[in-house]
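Peer 1: Sending over a structure as structure tokens; questions will come in a sec.
Laboratory data are not the source of any read-out in this text; all were calculated from the coordinates shown. Note that this is a predicted model, so its numbers are computed, not measured. A quick note on method: Cβ atoms are made from the backbone with ideal geometry, for glycine too, and the neighbour counts reach across all protein chains shown.
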Amino acid sequence: MPVLGVTGGIATGKSSFTNFLRRELPGEFFDADACAHELLANDAGVQQAILATFGPEACDPTGKPDRPKLRALVFSDERKRHQLEGILHPAIRERWTERATPFSREGGWFVADIPLLFETRAEASFDHLVVVACSPATQRRRLAEKRGLSADLAEKILASQLDLPTKINQAHHVIWNDSTLTCLERQSRLLAGWLRARAG
């Protein structure tokens, strides 16, 4: 059965869309953000690499990576952001590729929510690419209201990602999420129905 990649920009609604899709497609779902959080919290190798690369200013008093401190650090310095990506992205990719392989051979759906799918050049691994998008104004509003990010940090994060029009141009399917959750859920049902029909 197909391997489906879901991506988009920060605060476009990828996770909400993927959660709706879970109700429609039986199979395995992978969340790259959750995987990154788990690696930072529990993987000793990743924790040691963070400490060695960024020093104690990126860690909490116990020596574990402090996500808010780390985020502020890497989005103020592009070199440091690339260093963090070099630590996390290979480990995340290893996990989702291991889980996707059996589904591509044996049946069932595998859906991976990967915010930096295009940035990490992972698109060739997927049968269908879904981009969840919204207007830049909606992104900025959500980052401020729902995540409490400063305008400066929000702009730095947005600038670090591939722009949405470029992602849309490379997608097989585009989900536009400038409206309500009800509208987003309807789009998930429509896409799931289309995918099921073509998968037989």
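Peer 1: Taking the dipole about the Cα centre of the chain, with the C-beta of Lys and Arg at +1 and of Asp and Glu at -1, give me whichever of 16, 184, 150 is farthest to the positive side.
Peer 2: So the residue we want is 184.
Peer 1: Per the helix-only calculation at 222 nm, which mean residue ellipticity applies to the chain, given -39500 (n - 2.57) for every DSSP H run of n ≥ 4 and division by its residues, nearest 500 deg cm²/dmol?
Peer 2: Rounded to the nearest 500, the figure is -18000 deg cm²/dmol.
Peer 1: For residue 14, go through the lysines and keep the ones whose alpha-carbon is under 26 Å away, minus same-chain ones fewer than eight residues off.
Peer 2: 69, 80, 146, 156, 167
Peer 1: Sticking with this structure for a sec: Taking 0.36 nm per residue of sequence separation and subtracting the Cα-Cα distance, how much length would be gained by fully extending the chain between residue 41 and residue 153, in nm to one decimal? Please report the intermediate quantities before stating the final value.
Peer 2: Values: separation 112, 0.36 × 112 = 40.32 nm, distance 2.30 nm.
38.0 nm is the gain from fully extending residue 41 to residue 153.
Peer 1: Taking the Cα centre of region 1-113 as origin, sum charge times position over the Cβ atoms of Lys and Arg (+1) and Asp and Glu (-1), and report the length of that vector in debye to the nearest 20.
Peer 2: With only Lys, Arg, Asp and Glu charged at Cβ, the dipole is about 140 debye.
Peer 1: Based on Cβ point charges of +1 for Lys and Arg and -1 for Asp and Glu, what charge dipole magnitude is obtained for the chain about its Cα centre, in debye rounded to the nearest 20?
Peer 2: In total the dipole reaches around 420 debye.
Peer 1: Moving on. Of [x] 119; [y] 128; [z] 169, which is the value of volume of the Cα convex hull per residue in Å³ derived from the coordinates here?
Peer 2: The calculated read-out lines up with [x].
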